[in-house]
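The values are calculated or read from the model by the stated rules, or taken from the named source; none is laboratory data. Just so it is clear, the model here is predicted, and its values are computed rather than measured. Don't worry about glycine lacking a Cβ; one is built from the backbone with ideal geometry, like all the others, and counts go over all protein chains shown. For the accessible areas, the whole protein counts, side chains as well, though only heavy atoms, and no ligand, DNA or RNA atoms are used. Shrake-Rupley method; radii C 1.70, N 1.55, O 1.52, S 1.80 Å.
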Amino acid sequence: MRKLESQDARYVVDPHSITKAEKSDEAAFRGIIGQKRALHALEVGLQVPGRGFNVYVSGPPGIGKMTSVRSYLERIAEQRPTPSDLCFVHNHKEPYEPKAIMLPAGCGNEFRKAMQNIQNFIEEDVSRIFESDEYRTQRESAIEELKGRGQGVQEEIKQKAHEKGFVLQQTLMGMALVPLKDGERLSDEGLQQLPEEEREEINRRQQELQQEIQDIQRKYRRINRAAKEKVEKLDREIVKNRLTGPVDDLKEQYQGNEKVAEYLNAMINDVVENIDTLKNLSQQKQQNASAQELQQAEMLKQQFFRKYDVNVAVDNQGLDGAPVVQEINPNYNNLVGRIEKEMQMGAVSTDYTLIRAGALLRANGGFLVLAIEDVLRSVYSWDGLKRALRSEEVRIEELQEQLGLMSIKTLRPESVPLEVKVILVGRPIFYHLLHTYDEDFQELFRIKADFDTEMDAGEQNFKHFVSFLSALAEKENLKPLQNTALAKVVEHALRMAGHKHKLSTEFGTISDLLRESSFWAAKENASEITHRHVRRALDEKTYRSNLVKEKINEFIANGSILIDTTATAVAQVNGLSVVELGDFAFGRPNRITATAGPGRDGVVDIEREAKLGGPVHNKGVMILTGFLSNTFARQELLTISARVVFEQSYQGVEGDSASSTELYALLSALSQIPLTQGIAVTGSVNQHGRVQAVGGINQKVEGFYEVCKIGGLTGQQGVLIPDGNVQNLMLREDVVEAIDKGSFNLWSVSSISEGIEVLTGEPAGELQADGTFPAGTLFRKVADTLQAYRQGLKEWQGDLSAGNR
C-alpha cells in the first residue's frame, strides 16, 4: 500500500515542451495519426491486386475513421494514373442496348464536341447538297437516259393499243382500254349494241392486249426502279464521300480504339440510310412553313440528330491521379447508376443520353469509400455492390427489372469493366456479423483495418497530435492556439484515453472541444485560445449534461440517499460506481452493507436474488466465497450464511468493480471491526485476494470527492484504488489541488490485506506455517468467528440428531 502524491493523480503537460515545428507540421492533418496497425492493413489492401482485396475499416464512431481514410486515399491517389472517361453512344443495330466507350481522361468531352461538330456538318453541309444546282444536274443526268427509255415504253403501249383497235384512257382506277369503231370510241351502250360475235372478238383482242401491256408495264416499273436506285446510289455516294473526310480525321484522332471506329462506321451507315430525312429537313427550310410546321420540323431534327450525341457519363478531365469517391447516400441508383426518364408529348420516354453513372463507375480506376451502415440501410444496395465486385463489371439496370417487376421495354446498356478498391467504414459489430453470416463478404473484403480508440503518447504521436490541433484551427479559421491551450487539450486527450501514457483518437470530440474553446475566446475578444478557454469549454459541456449528477448529490446532501463520509461503522463501506448518460459519465458512492452468521448458504447476493444483478456482478460476489474458503477454510468446511447488498439501489447492478468493497464489508462483519466511512473503495478481487484494476477510475474518485465536499473535507477522506489503476489517473485540477493540500487522499493497494488495514487501521495478519493468523490481527478475528460458526453448527446438528433419536 502507498499513499499517492498529487503528481500521481494527473500527468501535466509542460507548455514549454511544445515547439513551433510541431505546431506547423500541417502534413499530420492529412495523415492517419497513431493507427499503425490500421495503416499497415490499408497499405496491404490497396497494393495487392485482384478481386477480393477490398478493405473494411473497423472502429467505434467518433474517432475520425472516415476523414482519416479519405485523406490517406487522396494522398495515395495522387500517385496513381488517371482512369479513362466513360461514354455511352447509340447502338444503331440494337437501339435498346447502348454501347459503352472508354476514352483517355479528358477525351470524353472532346469526343462529344467532335460529334457535335459532325452533326452541324451534316445539317449545314450535307443537307445543303440536295439544294445545290450541281446536285440537281448530276441527278437529272443520272436519270435522263432512264427517263427517255420510260417515255419510249409509254409510246410502245399506245402503239400496241392502236394496232389492236383500242385507245388508252386515264381513269381513277388507272389506265383503261377503250375499243374503237371506225376510228371512234365506243361507249358501253354502243358496245352492247354490237353483234355478239363482234363483242367477243373485241374482248379477245382486249385480253391479248392487256397481257402485252402488263409485260410492257413490268418493263416500265423496272426502268423506274432502276432510276430510283440510281438516284439513291448517287445520294449515298455523295453523302458518304462528304462524311468520309471529317470521320476519318476523328478515327485518326482515336486511332487504336476499335469501339470508336466501329461506332463511327455505324453512324455513317445510319446517316446514309436516312437520306430521305435529310432531304425533308432541307425542303422544309426552303418552304414558307407555318409556325406549327416549323416546330414539328425542329422536333424531327432534334430526334434525328439526338442519336449522334455522346453521353459522357464519367468525365475525369481535370482529375490529377485516381478518383476518391465518398458516396454519402449509397442507395441502389446512386451506387450502381440509373436511367432517367423525361416527359415528351405527355408520354414518358428515355434514351441512352439519360444514362447516369453511379459511384462505382465514378470511382472506377480509383477508390470508393462507403459507410457500411448506410449501404445496409438502403434497399438492394448491398446486393448491387456485391454483384459488381463479384463480376468485376457494372451493368446499369432498372431496379424494377432486377426484381422482375419491369413489364415495359427499357434500355439495357452495355456493362462496363470495373477495377476499383472499395473501402467500407463501420463499427466492429457489422464486420463480425457480415463475416459470420454473409459468405460473399469473406471473399470480397479480405482486409480488415482496425482503428484503435487510443494511441501511445510517444514523441512521434505527441508531435503529430499537436500538429493536428494546430492545422485544424487554421483550416477551420479558429483562433490560434497558445501552448497552454495545446497542453490542456493534450491532457484532456490523456483523460479521454484513461491513461497517463495514451492519447485518445476520438478526434471528433477533440475537434469539437477546439471549436467551442475558440467560441469562448471570441466571446472574450481574445486573440488566442488559452488554457482558460479550454477549461471553460470543458466546464460548460459538463454543466449542460450533469443535471442527474447534481440531483443525486442533492439527495445525498439532504439525507434522502444515506452516505456517511466522516464516521466509522461495522460491515458498512462506501463503494463507487459509474453512471453513463450518453456522452457524459460520472461517479457516485453507494453504501454497501453485509451481514454474516452460521450456515451453509455461503455469500448470498441480495441483488442477484432480487434479479437486479448482472452476470458479471454475480460472478464477483461468488468469488468472495472462494476467497473466504481459500484464506480461512482450507482444511475445514466454510460454514457461513452472509448477505451483501447495495443499499438504496433500485435498478440493475452490473460489473465486478465493487467485489473488493463487498469483501471489506464482509470482513468487517465477521471481525466486528469498524470501517472508516470517509474512505470509499473501488476494485475487483480474485480468489487469492489480489485487487484488480477497474474502469472509470477518474469519475469514481471525482464523484466521491464532490460528495465529501458537501459535508466538508476533513483531510482524512479519500479513495482506495487498485494499484493497477494509478496509471489511469487523470483527475481534475481541483481534485489534484485538494490532494496536494492534504485535504483529500488517494491510496493504492494490490491486495485485500493492504486495503483492510487502510480502512480499519488494524493489521490484517499473514498466514503462519501452522495455518493460523497472528493473535490480535483482523484476519485472526475473522478466522475465530468462522471457527465459532463451525462449532455452533456442529452443536446444533448434534442437538438436532439427539432430538430425532
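Structure notes:
- Scanning the stretch 341-396 for residues that are over 16 Å from the mean Cα position of the chain (by Cα) and among the β-branched types (Val, Ile, Thr) yields Val348, Thr350, Thr353, Ile355, Val394, Ile396.
- Picking from residues in the stretch 253-275 that are modelled with pLDDT under 90 and among the charged types (D, E, K, R), the one that is farthest from the chain's Cα centre (by Cα) is Glu273.
- The condition (being under 29 Å from Ser511 (Cβ atoms) and without any contact (Cβ under 8 Å) to a residue 40 or more places away in the chain) is satisfied by just one residue among Glu94, Glu43, Glu78: Glu43.
- Only one of Gln207, Gln192 that is modelled with pLDDT of 70 or more and either open to solvent by 70 Å² or more (accessible area, probe 1.4 Å) or under 19 Å from Glu155 (Cα atoms) (or both): Gln207
- Positions within the stretch 726-748 being of a type outside the set (Gly, Ala, Ser), more than 48 Å from the chain's Cα centre (by Cα) and open to solvent by 30 Å² or more (accessible area, probe 1.4 Å), in sequence order: Asp740, Lys741
- Among the residues of the stretch 749-772, at least one is under 28 Å from Ala585 (Cα atoms), open to solvent by 10 Å² or more (accessible area, probe 1.4 Å) and outside any helix (DSSP H, G or I).
- Looking across the stretch 566-588, the residues that are farther than 19 Å from Asn698 by Cα and either among the hydroxyl-bearing types (Ser, Thr, Tyr) or without any contact (Cβ under 8 Å) to a residue 60 or more places away in the chain (or both) come down to Thr566, Thr568.
- Residue match in the stretch 212-221 (condition: aromatic (Phe, Trp, Tyr) and either outside any helix (DSSP H, G or I) or within 53 Å of the chain's Cα centre (by Cα) (or both)): no
- Considering residues of the stretch 71-99 that are touching a strand residue (DSSP E or B) at 6+ places or on another chain (Cβ under 6 Å) and closer than 30 Å to His40 by Cβ only, the residue surrounded by the most Cβ atoms within 10 Å (Cβ to Cβ): Leu73
- Restricting the stretch 1-21 to residues that are acidic (Asp, Glu) and over 16 Å from Val489 (Cβ atoms) leaves a set whose member that is least open to solvent (accessible area, probe 1.4 Å) is Asp8.
- Within the stretch 301-353, tally of residues that are over 30 Å from Leu264 (Cβ atoms), open to solvent by 60 Å² or more (accessible area, probe 1.4 Å) and either of a type in the set (D, E, K, R) or in a loop (DSSP other than H, G, I, E, B) (or both): 5
- Within the stretch 494-521, the set of residues being farther than 14 Å from Ile63 by Cβ and among the charged types (D, E, K, R) comprises Arg495, Lys500, Arg515, Glu516.
- Candidates are the residues of the stretch 773-805 that are aliphatic (A, V, I, L, M) and modelled with pLDDT of 90 or more; the one that is most open to solvent (accessible area, probe 1.4 Å) is Ala775.
- Checklist (1) assigned to a helix (DSSP H, G or I); (2) exposed (fewer than 15 other Cβ atoms within 10 Å of the Cβ) applied to Ala261, failing item: (2)
- Selection count, the stretch 525-576, where residues are under 45 Å from the mean Cα position of the chain (by Cα) and hydrophobic (A, V, I, L, M, F, W, C): 9
- Which listed residue, of Tyr650, Tyr664, is open to solvent by less than 10 Å² (accessible area, probe 1.4 Å) and among the aromatic types (Phe, Trp, Tyr): Tyr664
- Some residue of the stretch 719-726 being within 17 Å of Leu666 (Cβ to Cβ) and not in a helix (DSSP H, G or I): yes
- Which numbered condition Pro413 fails, given (1) buried (at least 19 other Cβ atoms within 10 Å of the Cβ); (2) closer than 30 Å to Ala347 by Cα; (3) touching a Ser or Thr at 6+ places or on another chain (Cβ under 7 Å): (3)
- Yes/no for Ser58 being open to solvent by less than 50 Å² (accessible area, probe 1.4 Å), farther than 26 Å from Glu273 by Cβ and touching a Pro at 6+ places or on another chain (Cβ under 7 Å): yes
- Number of positions in the stretch 498-522 that are part of a helix (DSSP H, G or I) and open to solvent by 20 Å² or more (accessible area, probe 1.4 Å): 9
- The requirement of being in a loop (DSSP other than H, G, I, E, B), in contact (Cβ under 8 Å) with a residue 12 or more places away in the chain and within 16 Å of Leu368 (Cβ to Cβ) is not satisfied by Pro61.
- Hey, Leu433 part of a helix (DSSP H, G or I), out of contact with any Ser or Thr (no Cβ under 9 Å at 6 or more places or on another chain), modelled with pLDDT of 95 or more and farther than 30 Å from Lys386 by Cα or not: no
- Among the residues of the stretch 354-379, just one is of a type in the set (A, V, I, L, M), at pLDDT 95 or above and assigned to a loop (DSSP other than H, G, I, E, B), namely Ala363.
- If you go through the stretch 7-35 and keep only what is in contact with a strand residue (DSSP E or B) (Cβ under 9 Å, 6 or more places away or on another chain) and modelled with pLDDT of 90 or more, you end up with Asp8, Ala9.
- Remark: pairs (first residue in the stretch 106-127, touching a residue at least 12 places away in the same chain (Cβ under 8 Å) and surrounded by 14 or more Cβ atoms within 10 Å (Cβ to Cβ); second residue of a type in the set (A, V, I, L, M, F, W, C) and outside any helix (DSSP H, G or I); Cβ separation under 6 Å; 6+ apart in sequence or on different chains) = Gly108/Cys87; Gly108/Val312; Asn109/Val312; Phe111/Leu103; Phe111/Val310; Arg112/Val310; Arg112/Val312; Met115/Val310.
- Condition broken by Thr67, with the remaining ones in (1) part of a loop (DSSP other than H, G, I, E, B); (2) at pLDDT 85 or above; (3) over 24 Å from Gln442 (Cβ atoms) satisfied: (1)
- Per-region count, the stretch 564-593, residues of a type outside the set (Val, Ile, Thr) and touching a Phe, Trp or Tyr at 6+ places or on another chain (Cβ under 9 Å): 10
- When residues in the stretch 623-645 are screened for being touching a helix residue (DSSP H, G or I) at 6+ places or on another chain (Cβ under 9 Å) and either buried (at least 17 other Cβ atoms within 10 Å of the Cβ) or within 22 Å of Arg690 (Cα to Cα) (or both), 14 of them pass.
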